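J.: Take this structure first; my questions come after.
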Amino acid sequence: MKKLIWFTTISILFLVFIAPAVLALGISLVPGDSQPGYNPDLRLSIYKDRDVTQRFISQDANLSAIGTSIRNPNLKNKQDIILALFDDRMNLLRTVTINGQNVEDGSLVKFVFDPIPDSNDETYIFTLASPDAGPEETIEVFVVDMPGWIQQYTYDQKVYPGGLPMVLYFKPVSKFAVIKDIYSNLFSRLLHLNFQKTS
Amino acid sequence: MKKLLVLAIFLRTLVSVFLFHPDIKTYNYQASFLKKGVFNIYTYLVDNKKALPLKDDFVYFPLTYFALGGYQAIISPLLGSGFDSWLANAGSNSVVADPGIFKYLAALKFPYLVLDIAIAFLLMRFFENKEDKKKVFTFWLFNPFTIILLYAYSNVDIFPMILTVLAFLMIKKQKLFPASILLGLASGFKLYPLLFIPFLFLAGGNLKEKFILAATPLVTFGLIILPFISGAFFKSALVSGLTTGIFTSNSTTLGLSLLFFYAVLVDKGDQDRKKINLFNYWVALFLIIFSFSLFHIQWLLWVAPFLILIAVKKPNYSWLIFLLGILSFAIPILYMDRYMTVSLFRVYSTWYDLAPTPYTIIQKVYDPYNLLAVLHSVLAAGSLAMVYKVFKEKEVL
């Protein structure tokens, strides 16, 4: 019985204190700001030469992925969806192609590319297009009118403030940095709770 | 024993506070309508779906709603005004970032802790010997499986489960009628105890007793659900995947039918009473279900206390039971559901949304469905071996 008590005590302590660190070793990208809320009725259609161009500021170094919600009604789009990333002088930096058949309707789709090391506070532009898709195979993205790092978007040759409700992902400096950030964030929240109690 | 109890509570509190499965928020959000005066949660949720931030149906049976809702009515004032808005919050990130989450999780899982400890004491009553009593108390409180099932996966099935334990205490004392009522009450939380009705029928001494024993759980269940019978109740709870999942596999139906026909045609019962041993059939019933169904992890709780009774009574089987426990945990962990593994840690950080699950890791080297099939086959073999051993013993309990 003593063995069982030790085994369970160690297992539970491992689960609560060590397992999060072990699992964090698998985190290869960390998100920047969370995805802004959006109105599901405000959407832009993308097909053929009808694309969207988005201007934004990167929140950190090692920009490695851009995620946004995409509608693919009835999963009809089975064509390529291409994201081309440019710097603010329109030099092409990265191109990512995914196939529409891998895009679930309304899901957050991540376009992952090789990290851009000095991306902190830099302005970038990307275009999102599905040139082989016909009007029947249209995909849709959402838009939000929010000032800040999601600066402006161009659609149908007109420029609007705000843009796609997106999430930027960054390659962490090291695995250790990820673990440290997770635990320090947790402990600061626990301490905050303690502070609330005493005050 | 006091020291053990303190350690057991400490370990449970740790898991309660730090691990979060979103189901606990969903069904507690739904149960929060009781304190606002909503009696029929099924029709209320369907009628107000458009206006509600969380759109899920209430998939449990009425007593779950009243137990959770009643408890909430008591603790809500202690948790502050943020509690209700936290329950209604549909934002997956802001829910876990809320500074009150530790307090909310501890409070919402507190009834599980009370019932969990109560079960430890109830299990002791199955034994006369002091040593066995201590053993079952320790086995229950210090097996990692039930701690994780209850406090990480927020398993609300503890409500019906404690009633089934009470029912078997009655059965042990040959009080079959109160046991039938308790099983009916348990089905008012979740339907699974009704699966046992055919065996209750067989346990009756004469035809009248057989009918009474079989009808009692049904009538009790019928009385509980009577005020709620509606299209909404039928769709949300009665035919929900959670209720009908057991019968999605033909092999499970075949296995359960074979068990029933074995009881009717082959089992002569024990020598004195000529009655079938209900405990054996109860354990066998669930082992067959886990052998052939794509089971939810919370179902494992249904049989956990009974396997612990076997482990104490027949120590030779402890290792087999432990192995079956590991296997039955490994299977749902391989499902393509983030909340079986990495996303349980979202209270630590939402970055775990980006951590690979066991499914995605295995997918890189092997087909996870093949591995699932292999594990399930091994579990089925082990479970059937266990069923054979339990029946061979005739009188485990």
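The values are calculated or read from the model by the stated rules, or taken from the named source; none is laboratory data. Keep in mind the model is a prediction, meaning the values are calculated, not measured. Cβ coordinates were reconstructed from backbone atoms using ideal geometry, including for glycine residues, and neighbour counts include every protein chain displayed. These accessible areas exclude ligands, DNA and RNA; they are computed on the full protein's heavy atoms, side chains included. Shrake-Rupley method; radii C 1.70, N 1.55, O 1.52, S 1.80 Å.
J.: What's log10 of I(q)/I(0) for the protein assembly as shown at q = 0.05 Å⁻¹, Debye sum over Cα points only, no solvent?
T.: -0.27
J.: While we're on this one: Once B and A are treated as a pair rather than alone, how much accessible area drops out, both sides summed, in Å² to 100, probe 1.4 Å?
T.: Numbers: alone 17540 and 12100 Å², together 26640 Å².
Interface area, both chains combined: 3000 Å², rounded to the nearest 100.
J.: Another question, then. Let me know the mean shielding of B:7-17 by other chains, meaning the per-residue number of their Cβ atoms within 10 Å of its Cβ. Each step should come with its number before you reach the end.
T.: Values: counts 4, 4, 0, 3, 7, 1, 0, 5, 3, 0, 2.
Average per residue, whole number: 3.
J.: Which one of B:317, B:357, B:334 is farthest out on the positive end of the charge dipole of segment B:287-382, using unit charges on Cβ (Lys, Arg +1; Asp, Glu -1) and the Cα centre as origin?
T.: B:317
J.: Now for a separate question. What aspartates and glutamates does residue B:314 reach when the alpha-carbon gap must be under 19 Å and sequence neighbours fewer than 8 apart in one chain are set aside?
T.: The reachable aspartates and glutamates, counting only those whose Cα sits under 19 Å from residue B:314, are B:128, B:131, B:132, B:270, B:393, B:395.
J.: Amide H neighbours of residue A:93 under 5 Å, at least 5 residues apart or on other chains, H built in the peptide plane: list them.
T.: Distant-sequence amide H within range of residue A:93: A:85, A:86, A:87.
J.: Listed here are the pairs B:109/B:133; B:173/B:389; A:78/B:235; A:180/B:135; A:175/B:55; A:110/B:103; which of them are more than 30 Å apart at the Cα? Present the calculation step by step, with values, prior to reporting the outcome.
T.: Numbers: B:109/B:133 26 Å; B:173/B:389 24 Å; A:78/B:235 34 Å; A:180/B:135 41 Å; A:175/B:55 38 Å; A:110/B:103 34 Å.
Going by Cα-Cα distance, A:78/B:235; A:180/B:135; A:175/B:55; A:110/B:103 fall outside the 30 Å limit.
J.: List the trypsin sites (Lys or Arg not before Pro) within segment A:88-175 that fall in a DSSP loop (any state other than H, G, I, E or B) and whose Cβ has at most 15 other Cβ atoms within 10 Å. Don't skip to the end; give the middle numbers.
T.: Values: sites: A:89, A:94, A:110, A:158, A:175; in loops: A:89.
In loop regions of segment A:88-175 (DSSP not H, G, I, E or B), the sparsely surrounded trypsin sites (Lys or Arg not before Pro) are A:89.
J.: Let me ask something else. Keeping every protein chain present and rolling a 1.4 Å probe, give me the accessible area per residue for segment A:49-199 in Å².
T.: On the way: 7790 Å² over 151 residues.
On a per-residue basis, segment A:49-199 sits at 52 Å².
J.: Just from its helices, what would the mean residue ellipticity at 222 nm be for chain A, if runs of 4 or more DSSP H residues each count -39500 (n - 2.57) and the sum is divided by every residue, rounded to the nearest 500 deg cm²/dmol?
T.: Details: 3 runs with 42 residues, N = 199.
When only DSSP H runs of four or more count, the value is -7000 deg cm²/dmol.
J.: Roughly how many debye, to the nearest 20, is the charge dipole of chain A about its Cα centre, given +1 on each Lys and Arg Cβ, -1 on each Asp and Glu Cβ, and no other charges? List each step's numbers first, then the result.
T.: On the way: 18 positive and 21 negative charges, 226 e Å.
Taking the Cα centre of chain A as origin, the dipole is about 1080 debye.
J.: Residues with amide H under 5 Å of residue A:144's amide H, sequence separation 5 or more or different chain, H placed in the peptide plane at 1.01 Å from N; which?
T.: Amide H neighbours of residue A:144: A:163, A:164.
J.: Sticking with this one: When the Cα centres of segment B:329-397 and segment B:137-151 are compared, how far apart do they sit, in Å?
T.: Answer, in whole Å: 18.
J.: Let me ask something else about it. So what's the gap between the Cα centers of segment B:279-299 and segment A:127-151, to the nearest angstrom?
T.: One Cα centre to the other: 49 Å.
J.: Rank A:52, A:170, A:92 by how far each Cα sits towards the positive end of the charge dipole of segment A:34-183 (+1 on Lys, Arg Cβ; -1 on Asp, Glu Cβ) and give me just the farthest.
T.: Among A:52, A:170, A:92, the one farthest towards the positive end of the dipole of segment A:34-183 is A:170.
J.: Restricting everything to alpha-carbon atoms, can you work out Rg to Rh for chain A with a Kirkwood hydrodynamic radius?
T.: On the way: Rg = 21.0 Å, Rh = 19.1 Å.
When Rh is taken as the Kirkwood radius, the ratio is 1.10.
J.: Something else: If A:42, B:182 are ordered by their accessible area, calculated over protein heavy atoms with a 1.4 Å probe, which sequence runs from highest to lowest?
T.: Values: A:42 90, B:182 30 Å².
Heavy-atom accessible area, descending, gives A:42, B:182.
J.: While we're here: Calculate what fraction, in whole %, of the accessible area of segment B:9-64 sits on carbon and sulfur atoms when a 1.4 Å probe is rolled over the protein chains. Intermediate results must be reported in sequence, preceding the final value.
T.: Values: 1330 of 2120 Å².
With neighbouring chains kept in place, the figure for segment B:9-64 is 62 percent.
J.: Can you tell me which of A:88, A:60, A:156 moves the most in a GNM of chain A? Springs connect C-alpha atoms under 10 Å apart.
T.: It is A:156.
J.: Right, here's the next one. At 1.4 Å probe radius, can you tell me the per residue accessible area of segment B:16-139 in Å²? Please report the intermediate quantities before stating the final value.
T.: Numbers: 4900 Å² over 124 residues.
About 40 Å² of surface per residue is accessible.
J.: Here is a further query. Helix B:62-79 versus the longest principal axis of chain B: what is the Cα-based angle in degrees, 0 to 90, to the nearest 10?
T.: Computed tilt is about 40 degrees.
J.: Using a 1.4 Å probe on the heavy atoms of the protein chains only, list every residue of segment B:349-390 that has 40 Å² or more less accessible area in the complete assembly than in its chain alone.
T.: B:351, B:352, B:354
J.: How would you rank B:340-347, A:133-140, B:148-155, highest first, on the average number of other Cβ atoms within 10 Å across their residues? Write out the running numbers ahead of the final one.
T.: Working: B:340-347: 22.1, A:133-140: 17.1, B:148-155: 23.9.
Ranked by mean Cβ neighbours within 10 Å, highest first: B:148-155, B:340-347, A:133-140.
J.: As a quick test, which of the pairs B:35/B:190; A:2/B:172; A:3/B:3 have an alpha carbon distance above 18 angstrom in this structure?
T.: Details: B:35/B:190 22 Å; A:2/B:172 29 Å; A:3/B:3 16 Å.
In this structure, B:35/B:190; A:2/B:172 exceed 18 Å between Cα atoms.
J.: Roughly what would the spin-label model give for residue B:47 and residue A:146, points 7 Å off Cα along C-beta, in nm?
T.: Between residue B:47 and residue A:146, the label points sit 3.6 nm apart.
J.: Treating only the Cβ atoms of Lys and Arg (+1) and Asp and Glu (-1) as charged, compute the dipole magnitude of chain B about its Cα centre; round to the nearest 20 debye. Walk me through the numbers on the way to the answer.
T.: Values: 35 positive and 20 negative charges, 176 e Å.
Its charge dipole is roughly 840 debye.
J.: Between residue B:125 and residue A:191, what is the spin-label point distance in nm, taking each point 7 Å from the Cα along the Cα→C-beta axis?
T.: Result for the modelled spin labels: 4.9 nm.
J.: Helix A:2-13 versus the longest principal axis of chain A: what angle, 0 to 90°, nearest 10, using Cα atoms?
T.: 40 degrees
J.: If you don't mind, another one. Classify segment A:38-99: rounded, prolate or oblate, from the alpha-carbon gyration tensor (a ≥ b ≥ c, eigenvalue square roots; a/c under 1.5 rounded; otherwise prolate if a/b is larger than b/c)? Could you put the intermediate results ahead of the total?
T.: On the way: a/c = 1.89, a/b = 1.54, b/c = 1.23.
It comes out prolate by the Cα gyration axes.
J.: Taking the Cα centre as origin and putting +1 on Lys and Arg beta-carbons and -1 on Asp and Glu beta-carbons, what dipole magnitude results for the protein assembly as shown, to the nearest 20 debye?
T.: Values: 53 positive and 41 negative charges, 627 e Å.
That gives the protein assembly as shown a dipole magnitude of about 3020 debye.
J.: Would you mind telling me the share, in percent, of accessible area of chain A contributed by carbon and sulfur at probe 1.4 angstrom?
T.: Details: 5710 of 10560 Å².
So the carbon and sulfur contribution to the accessible surface is 54 percent.
J.: Against the longest principal axis of chain B, how steep is helix B:207-225, in degrees 0 to 90 to the nearest 10, with axes from Cα atoms?
T.: 0 degrees
J.: Under a 1.4 Å probe, what is the accessible area of segment B:296-397 per residue, stated in Å²? Intermediate results must be reported in sequence, preceding the final value.
T.: Values: 4300 Å² over 102 residues.
Counting only protein heavy atoms, the per-residue value for segment B:296-397 is 42 Å².
J.: Express the carbon and sulfur contribution to the solvent-accessible surface of segment B:292-331 as a percent, rounded to the nearest whole number, probe 1.4 angstrom. If you can, show how the numbers build up before the last one.
T.: On the way: 1010 of 1400 Å².
After summing per-atom areas, the C and S share lands at 72 percent.
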